[in-house]
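What follows is calculated from the coordinates using simple rules that are stated; it is not laboratory data. In this text the structure is predicted, and so the values were computed from the model without any measurement. So basically every Cβ, Gly included, is an ideal-geometry build from the backbone, and we count neighbours across all protein chains shown.
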Amino acid sequence: MISNQESERQMATTSSATRDRQQGTRYTRLQLALHWAVVLLLVEQWVTAKAIPRTHNPFLPPSGADLLQHTIHTYAGLLIGALMLVRIGFRLLRPQPQLPQVASWQQRVSRAVHWALYLCLLGQVAAGFATSYLWAPAARIHVFFWNVTLVLVGLHIAAAAYHAVRRDGVASRMIPWMR
Ligand code: HEM
Ligand code: HEM
């Protein structure tokens with residue numbers, strides 16, 4: 001058993017970020033890492049996607065670099081799918097860290113955009129898999145999901161920028177270097 005004094009001493013020596021994490025007002029380090037890893041992977045997916053049509057040109061043999069990018073796109077895309085399942089698991093099993101003072105309509109919109117992003121990215125992975133291995137016309141669905149993702153990410157970044165300017169403690173939840 002830890003005495004009250006002992007636990008107070010421990011709390012005082014724990015950094016405020018760690019304490020917030022323990023008290024459920026912050027995302028865990030793993031959630032932060034997953035968020036930013038998926039952001040980087042999405043940029044990589046956008047870059048590598050451009051090589052895919054060149055590997056399907058019947059008149060020109062594909063270059064090694066294009067084939068490599070196609071392979072990266074496939075496996076990194078499947079990795080995004082796996083990482084999104086882990087994030088959804090977090091969202092369902094661990095309560096969303098408590099938001100600072102934010103209007104309830106903003107909380108509802110943020111929840112809706114997050115869930116739309118989870119589902120859209122999973123849908124994108126499923127459609128990409130179908131295009132590659134099962135049914136080529138699913139490419140149109142893959143592109144559709146990409147366009148919806150771009151709209152959602154645009155809204156999401158606009159909201160993050162709004163909260164960053166207001167310094168109301170929302171943006172710093174996912175941007176740890178921001179205070
Ligand atoms: C979230 C993960 C993914 C993202 C963000 C993504 C993104 C993209 C983008 C932006 C394009 C180009 C769309 C356009 O022409 O405007 C594309 C094309 C393509 N992607 Fe993905 N992708 C993902 C996952 C996957 C996976 C897992 C596979 C296969 C297993 C895949 C296979 C393909 C194929 C075959 C194309 C070419 C489609 C065509 O013929 O037009 N993608 N992807
Ligand atoms: C580009 C693709 C992005 C996607 C798909 C994305 C997706 C998400 C999702 C699904 C969440 C909910 C928490 C979680 O599951 O981890 C979240 C939270 C968050 N993201 Fe992003 N994000 C992206 C980019 C960004 C960028 C560029 C910023 C900052 C400029 C940002 C700032 C935030 C913040 C501040 C939160 C916490 C919001 C809250 O706690 O209510 N995100 N993001």
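Quick rundown of the values:
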{"quantity": "Range in the chain, longest, excluding exposed chymotrypsin sites (Phe, Trp or Tyr not before Pro) [loop by DSSP; at most 16 other beta-carbon atoms within 10 Å]", "calculated": "60-134"}
{"quantity": "Normalised contact order of region 27-178, rounded percent, pairs of Cα under 8 Å and 6 or more residues apart", "calculated": "20 percent"}
{"quantity": "Whole-Hz couplings from phi, Karplus 6.51/-1.76/1.60, listed for region 92-101; x for Gly and Pro", "calculated": "7, 8, 10, x, 3, x, 4, 7, x, 4"}
{"quantity": "Contour minus Cα-Cα distance for LEU40 and LEU155 (0.36 nm per residue)", "calculated": "39.6 nm"}
{"quantity": "Sites ALA76 and PHE129 - FRET efficiency at Förster radius 22 Å, r taken between beta-carbons, to 0.05", "calculated": "0.95"}
{"quantity": "Pairwise FRET efficiency - LEU92 versus SER63, Cβ, R0 = 45 Å, nearest 0.05", "calculated": "0.55"}
{"quantity": "Between region 121-152 and region 31-53, the alpha-carbon center distance in angstrom", "calculated": "14 Å"}
{"quantity": "FRET efficiency, ARG108 to TYR162 (Cβ-Cβ, R0 22 Å, nearest 0.05)", "calculated": "0.90"}
{"quantity": "Residue-by-residue Karplus 3J(HN,Hα) for region 31-46, coefficients 6.51, -1.76, 1.60, Hz, glycine and proline x", "calculated": "5, 4, 4, 5, 4, 6, 5, 5, 4, 5, 5, 5, 5, 4, 4, 5"}
